[in-house]
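Visitor: What follows is a single structure, and I will ask about it in a moment.
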């Protein structure tokens with residue numbers, strides 16, 4: 001059996017006490033000092049582990065409590081109460097919700113898949129990625145192997161502008177030359193975070209992690225220069241052509257912004273180095289032209305079209321912009337119509353906050369995704385945006401030990417990788433490449449609603 | 001005195017007041033008595049809900065979970081003003097906000113506890129019908145006619161029973177008097193007390209409980225006629241002898257909370273007893289693989305059904321599947337394979353442990369699957385020959401009524417039974433020693449937190465309250481039997497498609 005791709009995770013503790021969901025309000029006044037205090041009977045030994053944190057000047061009980069309410073219901077004088085931790089509720093935003101931030105921290109710490117008891121407790125559905133479900137099958141698909149075939153599930157994807165077919169000359173000799181491609185073992189690249197308490201150490205941590213899991217990371221050109229030792233795993237983003245000559249030698253792939261003369265520049269770069277992969281980053285409002293533009297770029301030989309939504313996953317700078325899942329469906333459809341789908345490699349980024357978003361983006365039509373913010377959240381970022389306002393980072397991310405940081409990111413990706421395997425196992429899909437635009441494994445709420453409630457109950461609409 | 005062995009007795013289906021087993025039950029309001037209290041006990045007479053009681057001539061800690069609220073307490077004749085020393089304070093309970101989630105809101109938890117304690121719908125304004133998930137059942141409403149269609153209907157004789165064998169094939173004829181039975185929870189994922197409590201409670205109502213995939217502990221033998229034994233992919237504890245004990249055998253192809261993934265019981269929960277029943281090794285994690293590796297087609301599936309039918313020549317066969325987009329095809333396949341019951345388990349169903357990514361994302365919510373399957377079976381002309389059971393997110397009597405109106409014959413519950421045992425959905429069933437509240441654990445100390453008789457009675461009470469609610473709902477629809485409700489989507493409205501939907505609270509008096 002060939003060597004299997006495996007992400008080696010190891011427990012990597014937080015530097016700062018975690019902000020937990022629940023808080024305990026404990027009125028010492030009136031305490032009976034009863035010998036058999038509920039606090040000593042805590043199933044999770046919370047009260048024994050609690051300590052006073054000098055960082056946040058408070059009891060650090062929140063991170064241990066598991067919400068069983070035994071102490072609340074057991075205290076004879078009813079002095080113990082529970083609340084939601086306001087600091088926890090204030091974490092993040094509508095996309096990086098407190099739940100997602102907490103879950104990301106845990107995965108970065110342990111490298112394990114979040115598993116819990118009892119059924120799903122969240123909303124029925126929601127905007128963006130929460131408006132779709134992945135499919136599975138019970139009986140009728142003989143290809144599926146389930147969780148016990150997971151060692152045969154491959155998450156490899158390729159980045160290339162692949163010719164639609166091979167060409168042969170009249171004597172049967174292959175005419176199509178070698179075309180460059182990169183193969184990465186999971187459908188996730190790293191993209192530079194849009195904001196953050198960034199420093200050399202942070203860049204190093206991210207590059208180290210990208211190298212360890214053998215993916216690639218898009219970085220600003222100046223960082224690519226500073227991190228020369230990781231050049232195999234870095235994709236310099238060349239805003240303009242000043243550094244083109246200096247940087248392309250060491251790198252497999254470079255990225256340039258889309259613009260009027262982007263196609264011309266792609267040819268120039270390819271002329272400088274024949275096996276260079278070139279990616280074009282489409283950042284600003286893509287609009288309906290995005291799909292056409294993606295087709296155009298693919299025809300022009302661009303290896304990777306990278307569409308970046310805003311950090312929430314919506315079209316940047318557009319009122320009521322589409323979510324990247326809808327952008328991906330649109331681009332995928334147009335590429336299919338144009339008979340370019342197998343040639344193009346299309347990547348989306350922005351708003352990819354959980355492992356499920358990776359799969360969902362791919363089912364909608366992306367070949368792979370890039371993550372940005374979760375890399376920082378793995379480093380304990382609270383998505384407070386203090387740094388954007390120029391204020392101090394509450395967890396001083398810029399001062400991390402790069403090895404610690406890299407372990408945390410590797411852990412997160414290890415947990416995500418396992419979640420991809422779980423979902424692919426349930427779908428009976430053994431190749432991440434087959435996820436791209438796989439309409440047979442996805443259900444959209446608009447279709448389910450149309451088939452169900454709109455059809456059965458919709459006639460009374462007023 | 002004769003020795004009564006409650007462990008083997010089916011209790012009567014009667015409501016018996018069964019308060020919380022913890023010192024302080026949680027409700028929406030807090031009643032605090034200050035040190036100024038001189039135990040004059042005037043408050044005990046002022047409160048209609050008996051929040052205040054005396055114990056040994058002194059005022060006992062108030063049962064504030066029964067409190068009707070601040071408005072009630074400040075009326076001239078009620079507790080706050082009747083206290084001569086002003087020692088009573090009533091306020092919102094801050095703990096309530098920290099409880100629950102979107103599907104099981106703190107209101108729904110507290111109202112289910114209330115039903116399990118008293119057998120009645122709470123009076124204090126708690127929401128008891130829906131959760132806060134913002135979709136599916138939580139956006140569906142029952143649309144009662146403005147005027148009672150059949151005022152002469154005798155509420156107490158309204159039929160809530162369901163026929164489980166509709167094939168007329170010489171096998172057991174089973175009608176259950178309530179449209180609900182208990183879903184599979186294995187020994188190991190829950191304690192033996194929890195398991196027996198569910199079995200006894202459903203048996204009291206003449207219904208069934210599924211063993212789940214954890215074998216058939218000897219303690220269950222007295223209840224053979226009320227047990228569904230499960231055959232799942234791990235085949236843990238499945239023997240010919242266990243298949244022959246029961247009247248219904250359930251094949252579990254998949255579970256709604258983790259469809260396509262199989263089961264996983266973590267090592268620490270595999271105690272000596274669990275390992276013995278499952279015929280495995282203590283302390284070592286147990287996997288139920290997905291799928292049945294002997295079933296890769298509907299033909300294979302038929303072979304499976306034929307096998308158990310040969311092993312037990314009288315038993316009914318239930319097929320439990322989750323809800324992929326081709327669930328209708330699976331349904332018709334199961335019908336042709338000879339199943340009596342098709343049990344669809346939607347994606348938001350319960351579990352003792354599952355990856356969060358699976359619970360949230362894989363397969364469709366049961367609200368979509370029920371009409372899909374029901375209508376397809378009707379089109380295929382076989383709907384009358386198979387019983388359609390829905391589960392995976394059925395929390396309340398209203399969910400039951402909605403599921404049936406969407407096309408199911410009955411439902412299966414699991415989480416609500418545990419909530420009636422004071423589960424508060426902290427989601428930690430799987431970690432370490434298991435449930436801190438002694439429900440989903442095999443830890444010897446934690447198991448001792450719950451008494452069998454108490455637990456059985458709590459579930460009996462909840463089911464009693466559900467049946468009363470269902471009867472009231474049918475009464476308001478003018479239906480004499482719950483069978484007439486099946487597929488009546490015309491009695492439902494969905495907030496996204498209809499405006500001005502009237503409130504369907506059955507606490508409101510009929511005019």
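The values are calculated or read from the model by the stated rules, or taken from the named source; none is laboratory data. This is a predicted model, so every value here is computed, not measured. Backbone-built Cβ (ideal geometry, glycine too); neighbour counts: all protein chains shown.
Visitor: Residue check: is residue B:284 over 29 Å from residue A:123 (Cβ atoms) and in a loop (DSSP other than H, G, I, E, B)? First the steps, then the outcome.
Guide: Numbers: over 29 Å from residue A:123 (Cβ atoms): yes; in a loop (DSSP other than H, G, I, E, B): yes.
Answer is yes for this residue.
Visitor: Any residue that is surrounded by fewer than 20 Cβ atoms within 10 Å (Cβ to Cβ), assigned to a loop (DSSP other than H, G, I, E, B) and on the phi < 0 side of the Ramachandran plot - is there at least one of those in the range B:333-340?
Guide: The answer is no, given that none of the residues of the range B:333-340 is surrounded by fewer than 20 Cβ atoms within 10 Å (Cβ to Cβ), assigned to a loop (DSSP other than H, G, I, E, B) and on the phi < 0 side of the Ramachandran plot.
Visitor: Take the residues in the range A:169-206 that are free of Cβ contacts under 8 Å to residues at least 40 places away in the same chain and within 21 Å of the chain's Cα centre (by Cα), then tell me which one is surrounded by the fewest Cβ atoms within 10 Å (Cβ to Cβ). Quick ask: steps written out before the conclusion?
Guide: Initial filter on the range A:169-206 (free of Cβ contacts under 8 Å to residues at least 40 places away in the same chain): A:169-177, A:179, A:183, A:200, A:203.
Then drop every residue that is not within 21 Å of the chain's Cα centre (by Cα), which leaves A:183, A:203.
Numbers: A:183: 10, A:203: 23.
Here the answer is A:183.
Residues checked against (1) surrounded by fewer than 24 Cβ atoms within 10 Å (Cβ to Cβ); (2) part of a helix (DSSP H, G or I):
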residue	(1), (2)
B:357	no, yes
B:364	no, no
B:367	no, yes
B:373	no, yes
B:377	yes, yes
B:381	yes, no
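Visitor: Oh, and also: Would you point out the residue of the range B:125-134, among those that are surrounded by fewer than 22 Cβ atoms within 10 Å (Cβ to Cβ) and out of contact with any helix residue (DSSP H, G or I) (no Cβ under 8 Å at 6 or more places or on another chain), that is nearest to the other protein chains (Cβ to nearest Cβ)?
Guide: Step by step, filter the range B:125-134, then rank; the result is B:134.
Visitor: Which residues, taken from the range B:330-352, are facing chain A (nearest Cβ under 9 Å) and either touching a helix residue (DSSP H, G or I) at 6+ places or on another chain (Cβ under 8 Å) or within 16 Å of residue B:182 (Cβ to Cβ) (or both)? Show your work before the answer.
Guide: Within the range B:330-352, the first condition is being facing chain A (nearest Cβ under 9 Å), and the residues that meet it are B:330, B:333-334, B:347-352.
Those that are facing chain A (nearest Cβ under 9 Å) and either touching a helix residue (DSSP H, G or I) at 6+ places or on another chain (Cβ under 8 Å) or within 16 Å of residue B:182 (Cβ to Cβ) (or both): B:333, B:334, B:347, B:348, B:349, B:350, B:351, B:352.
Visitor: Let me ask something additional. Which ranges mark the helices (runs of 4 or more DSSP H) fully within the range B:397-511 that have 2 or more residues being crowded, with 20+ Cβ neighbours inside 10 Å? Quick ask: steps written out before the conclusion?
Guide: Details: elements: B:397-406, B:415-420, B:444-447, B:452-477.
Output list reads B:397-406, B:415-420, B:452-477.
Visitor: I would also like to ask the following. When only residues in the range A:72-99 that are farther than 23 Å from residue A:16 by Cβ, out of contact with any helix residue (DSSP H, G or I) (no Cβ under 8 Å at 6 or more places or on another chain) and in contact (Cβ under 8 Å) with a residue 40 or more places away in the chain count, which is surrounded by the most Cβ atoms within 10 Å (Cβ to Cβ)?
Guide: Here the answer is A:79.
Visitor: Something else now. Determine which member of the set A:458, A:428 is modelled with pLDDT under 95 and on the phi < 0 side of the Ramachandran plot.
Guide: A:458
Visitor: Still on this model: Say whether the condition of being modelled with pLDDT under 90 and over 29 Å from residue B:6 (Cα atoms) is met by at least one residue in the range B:244-251. Step through it out loud before you land on a result.
Guide: Step one: filter the range B:244-251 for residues modelled with pLDDT under 90, giving none.
No, the range B:244-251 contains no residue that is modelled with pLDDT under 90 and over 29 Å from residue B:6 (Cα atoms).
Visitor: Given the conditions (1) surrounded by fewer than 16 Cβ atoms within 10 Å (Cβ to Cβ); (2) facing chain A (nearest Cβ under 10 Å); (3) in contact (Cβ under 8 Å) with a residue 40 or more places away in the chain, which single one is not true for residue B:139?
Guide: Result: residue B:139 passes all but (1).
Visitor: Could you list, in sequence order, all residues of the range B:194-215 that are crowded, with 24+ Cβ neighbours inside 10 Å and either part of a strand (DSSP E or B) or more than 15 Å from the chain's Cα centre (by Cα) (or both)?
Guide: Once the filter is applied, which keeps residues that are crowded, with 24+ Cβ neighbours inside 10 Å and either part of a strand (DSSP E or B) or more than 15 Å from the chain's Cα centre (by Cα) (or both), the range B:194-215 yields B:209, B:210, B:213, B:214, B:215.
Visitor: If a residue must be farther than 23 Å from residue B:321 by Cα and in a helix (DSSP H, G or I), how many such residues does the range A:387-419 contain? Don't jump to the end; show me each part of the working.
Guide: Going through the range A:387-419, the residues farther than 23 Å from residue B:321 by Cα turn out to be A:387-418.
Then drop every residue that is not in a helix (DSSP H, G or I), which leaves A:397-399, A:402-418.
Within the range A:387-419, residues that are farther than 23 Å from residue B:321 by Cα and in a helix (DSSP H, G or I) number 20.
Visitor: Taking the condition more than 30 Å from residue A:131 (Cα to Cα) and buried (at least 23 other Cβ atoms within 10 Å of the Cβ), does residue B:116 pass? Can you show your working first?
Guide: Working: more than 30 Å from residue A:131 (Cα to Cα): yes; buried (at least 23 other Cβ atoms within 10 Å of the Cβ): yes.
Yes: the conditions hold for residue B:116.
Visitor: How about the range A:285-308: which of its residues are assigned to a loop (DSSP other than H, G, I, E, B), buried (at least 21 other Cβ atoms within 10 Å of the Cβ) and modelled with pLDDT under 95?
Guide: Residues of the range A:285-308 assigned to a loop (DSSP other than H, G, I, E, B): A:285-288, A:300-303.
Subsequent filtering for residues that are buried (at least 21 other Cβ atoms within 10 Å of the Cβ) retains A:286, A:302-303.
Correct list: A:286 only.
Visitor: Looking for whichever is in contact with a strand residue (DSSP E or B) (Cβ under 6 Å, 6 or more places away or on another chain), at pLDDT below 95, assigned to a loop (DSSP other than H, G, I, E, B) and assigned by TED's automatic domain parsing to the domain that holds residue A:257 here; the options are A:321, A:317. Which one fits? Let's see the steps before the verdict.
Guide: Working: A:317 fails: in contact with a strand residue (DSSP E or B) (Cβ under 6 Å, 6 or more places away or on another chain).
Step by step, each of A:321, A:317 is checked, and only A:321 is in contact with a strand residue (DSSP E or B) (Cβ under 6 Å, 6 or more places away or on another chain), at pLDDT below 95, assigned to a loop (DSSP other than H, G, I, E, B) and assigned by TED's automatic domain parsing to the domain that holds residue A:257.
Visitor: The conditions are (1) within 25 Å of residue B:303 (Cα to Cα); (2) modelled with pLDDT under 95, and residue B:187 fails exactly one of them. Which is it?
Guide: Against the list (1) within 25 Å of residue B:303 (Cα to Cα); (2) modelled with pLDDT under 95, residue B:187 comes up short only on (1).
Visitor: Anything in the range B:287-321 that is within 14 Å of chain A (Cβ to nearest Cβ), within 17 Å of residue B:239 (Cα to Cα) and either in a helix (DSSP H, G or I) or in contact (Cβ under 8 Å) with a residue 60 or more places away in the chain (or both)? List them, or say none.
Guide: Those that are within 14 Å of chain A (Cβ to nearest Cβ), within 17 Å of residue B:239 (Cα to Cα) and either in a helix (DSSP H, G or I) or in contact (Cβ under 8 Å) with a residue 60 or more places away in the chain (or both): B:288, B:304, B:305.
Visitor: Moving on. Of all residues in the range A:443-458, how many are touching a strand residue (DSSP E or B) at 6+ places or on another chain (Cβ under 6 Å) and in contact (Cβ under 8 Å) with a residue 12 or more places away in the chain?
Guide: Taking the range A:443-458 as the starting set, the residues that turn out to be touching a strand residue (DSSP E or B) at 6+ places or on another chain (Cβ under 6 Å) are A:443-444, A:453, A:457.
Retained after the next criterion (residues that are in contact (Cβ under 8 Å) with a residue 12 or more places away in the chain): A:443-444.
Of the residues in that region, 2 qualify.
Visitor: Let me ask something else about it. Hey, does the range B:97-105 have a residue that's outside any loop (DSSP other than H, G, I, E, B), free of Cβ contacts under 8 Å to residues at least 12 places away in the same chain and under 19 Å from residue A:69 (Cβ atoms)? Before the answer, list the steps.
Guide: Going through the range B:97-105, the residues outside any loop (DSSP other than H, G, I, E, B) turn out to be B:97.
Now narrow it down to the ones that are free of Cβ contacts under 8 Å to residues at least 12 places away in the same chain: B:97.
After this cut, where a residue has to be under 19 Å from residue A:69 (Cβ atoms) as well, the list is B:97.
Yes, the conditions are met somewhere in the range B:97-105.
Visitor: Let me ask something additional. Which residue, of B:268, B:222, is part of a helix (DSSP H, G or I), over 14 Å from residue B:290 (Cβ atoms) and within 14 Å of another protein chain (Cβ to nearest Cβ)? Give the derivation first.
Guide: Values: B:222 fails: within 14 Å of another protein chain (Cβ to nearest Cβ).
The unique qualifying residue is B:268.
Visitor: Let me ask something additional. Going through the range A:67-86 one residue at a time, which ones are at the interface with another protein chain (Cβ under 7 Å from one of its Cβ atoms), on the phi < 0 side of the Ramachandran plot and not in a strand (DSSP E or B)? Reasoning before the result, please.
Guide: Taking the range A:67-86 and keeping what is at the interface with another protein chain (Cβ under 7 Å from one of its Cβ atoms), we get A:67-70, A:72-74, A:76, A:78, A:81-84.
Now narrow it down to the ones that are on the phi < 0 side of the Ramachandran plot: A:68, A:70, A:72-74, A:76, A:81-84.
Scanning the range A:67-86 gives A:68, A:70, A:72, A:73, A:74, A:76.
Visitor: Ok, one more. Answer with yes or no whether residue A:376 is in a helix (DSSP H, G or I), in contact with a helix residue (DSSP H, G or I) (Cβ under 7 Å, 6 or more places away or on another chain) and more than 22 Å from residue B:355 (Cα to Cα).
Guide: Working: in a helix (DSSP H, G or I): yes; in contact with a helix residue (DSSP H, G or I) (Cβ under 7 Å, 6 or more places away or on another chain): yes; more than 22 Å from residue B:355 (Cα to Cα): yes.
Here the answer is yes, as residue A:376 does meet what is asked.
Visitor: Test residue A:322 against the stated conditions and say whether it is free of Cβ contacts under 8 Å to residues at least 12 places away in the same chain, surrounded by fewer than 24 Cβ atoms within 10 Å (Cβ to Cβ) and in contact with a helix residue (DSSP H, G or I) (Cβ under 8 Å, 6 or more places away or on another chain).
Guide: On the way: free of Cβ contacts under 8 Å to residues at least 12 places away in the same chain: yes; surrounded by fewer than 24 Cβ atoms within 10 Å (Cβ to Cβ): yes; in contact with a helix residue (DSSP H, G or I) (Cβ under 8 Å, 6 or more places away or on another chain): yes.
Taking the combined requirement at face value, the residue satisfies it.
Visitor: Would you check which residues across the range B:74-96 are in contact (Cβ under 8 Å) with a residue 40 or more places away in the chain, more than 10 Å from chain A (Cβ to nearest Cβ) and either within 18 Å of residue A:71 (Cα to Cα) or in contact with a strand residue (DSSP E or B) (Cβ under 7 Å, 6 or more places away or on another chain) (or both) and list them? Spell out the reasoning first.
Guide: So the first thing to find is which residues in the range B:74-96 are in contact (Cβ under 8 Å) with a residue 40 or more places away in the chain, and the list is B:79, B:82-96.
Right, trim to more than 10 Å from chain A (Cβ to nearest Cβ) and you get B:79, B:82-92.
Across the range B:74-96, the qualifying residues are B:79, B:87, B:88, B:89, B:90, B:91, B:92.
Visitor: So which residues in the range B:5-37 are part of a loop (DSSP other than H, G, I, E, B), in contact (Cβ under 8 Å) with a residue 60 or more places away in the chain and under 17 Å from residue A:73 (Cα atoms), if there are any at all?
Guide: Across the range B:5-37, the qualifying residues are B:18, B:19, B:20, B:21, B:22, B:25, B:26, B:27, B:28.
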